[in-house]
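Step one of this worksheet: look at the structure below.
The values are calculated or read from the model by the stated rules, or taken from the named source; none is laboratory data. Computed from a prediction, not measured in an experiment: that's the story for all the values here. Cβ atoms come from the backbone with ideal geometry, glycine included; neighbour counts cover every protein chain shown. Areas reflect the complete protein model, heavy atoms only, side chains present, ligands, DNA and RNA absent. Shrake-Rupley method; radii C 1.70, N 1.55, O 1.52, S 1.80 Å.
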Amino acid sequence: MTARTSRTAPSSLPGALSAGASPRADLIADAALGLLVERGMRGLTHRAVDEAAGLPQGSTSNHARTRQALLETATQRLAVLEARVLGLNALPGGPGASTADLPGMLAAVLHRHLSGHRDLLVARYELALEATRRPELREFYDTAGKVRFREPLEAMMTAAGSAEPQRHALSLIAWVEGLMFSCAAGSYHSAVPTEEELRTGFAELLRGMLGT
């Protein structure tokens, strides 16, 4: 989740996460994410990405020579797409930002993700599970999440008046991720809560943490 403050500079990120992507790099990464959704981790190969992207054989290998590099490319692109879909730049996180309807803003963000971009969630779960088996991918995956989502959310909670922003951000993330999994791949995969239902849930959670 992205906010206006507490953002780590791009130069501090590892590997592809700090590099500007070219159109071809984005095409390769998008094809890799699509394969993860359609075929799972076993279906993600350099040759399959070339075919899915409509590129000459060897194009993906030229961009990402190893499987680790290909996974990092997919992880970086996923973080960019999720940040774009969630549109969290408008959420409070800086001095003077209004938190009057924080539940409503969060509900709109989450509903947009759940109702129109479930494929991104499925791809994220594939990468998250693979990261449990690859320490080098774990570090890259965690850094992407920390910079783009966790730290900005902690800033948002600080702006909202939280006395324990790190702990409260963790609670909020856990609640959101539980909903995301349930609606994308769990027992509620065929049902998405309404925006108003999500707003009520966020209001209850934030009331308990902030006492408002």
* Would it be correct to say that G186 is open to solvent by less than 60 Å² (accessible area, probe 1.4 Å), within 30 Å of A31 (Cβ to Cβ), not aromatic (F, W, Y) and not in a helix (DSSP H, G or I)? -> yes
* Within the set of pairs 6+ apart or on separate chains, which have a first residue in region 115-136 that is more than 20 Å from L86 (Cα to Cα) and small (G, A, S), a second that is open to solvent by less than 50 Å² (accessible area, probe 1.4 Å) and modelled with pLDDT under 95, and C-beta atoms under 6 Å apart? -> A131/L137; A131/Y141
* To do: Six or more apart or on different chains, Cβ under 6 Å: which pairs go from a residue in region 157-172 that's more than 14 Å from P103 (Cβ to Cβ) to one that's assigned to a helix (DSSP H, G or I) and open to solvent by 50 Å² or more (accessible area, probe 1.4 Å)? Could you list them?
  => P165/T158
* Among the residues of region 18-60, write down those that are loosely packed, with under 15 Cβ neighbours inside 10 Å and outside any helix (DSSP H, G or I). => A19, G20, S22, G40, G54, P56, Q57, G58
* Structure fact -> Of (1) assigned to a helix (DSSP H, G or I); (2) open to solvent by 30 Å² or more (accessible area, probe 1.4 Å); (3) modelled with pLDDT of 90 or more, L121 satisfies every one except (2)
* Structure fact -> In the set E204, E130, the lone residue that is in a helix (DSSP H, G or I) and more than 23 Å from G40 (Cβ to Cβ) is E204
* L170 in a helix (DSSP H, G or I) and in contact with a His (Cβ under 6 Å, 6 or more places away or on another chain) -> no
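Has region 113-121 got at least one residue that is over 28 Å from L36 (Cβ atoms) and among the hydrophobic types (A, V, I, L, M, F, W, C)? Before you say what the answer is, go through the steps one by one.
Initial filter on region 113-121 (over 28 Å from L36 (Cβ atoms)): none.
Checked against the condition, which is being over 28 Å from L36 (Cβ atoms) and among the hydrophobic types (A, V, I, L, M, F, W, C), region 113-121 yields no hits at all.
One line per residue, one yes/no per condition, for (1) more than 19 Å from the chain's Cα centre (by Cα); (2) farther than 16 Å from L78 by Cβ:
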{"site": "T132", "(1), (2)": "no, yes"}
{"site": "E136", "(1), (2)": "no, yes"}
{"site": "E151", "(1), (2)": "no, yes"}
{"site": "G161", "(1), (2)": "yes, yes"}
{"site": "P165", "(1), (2)": "yes, yes"}
{"site": "L172", "(1), (2)": "no, yes"}
{"site": "M180", "(1), (2)": "no, no"}
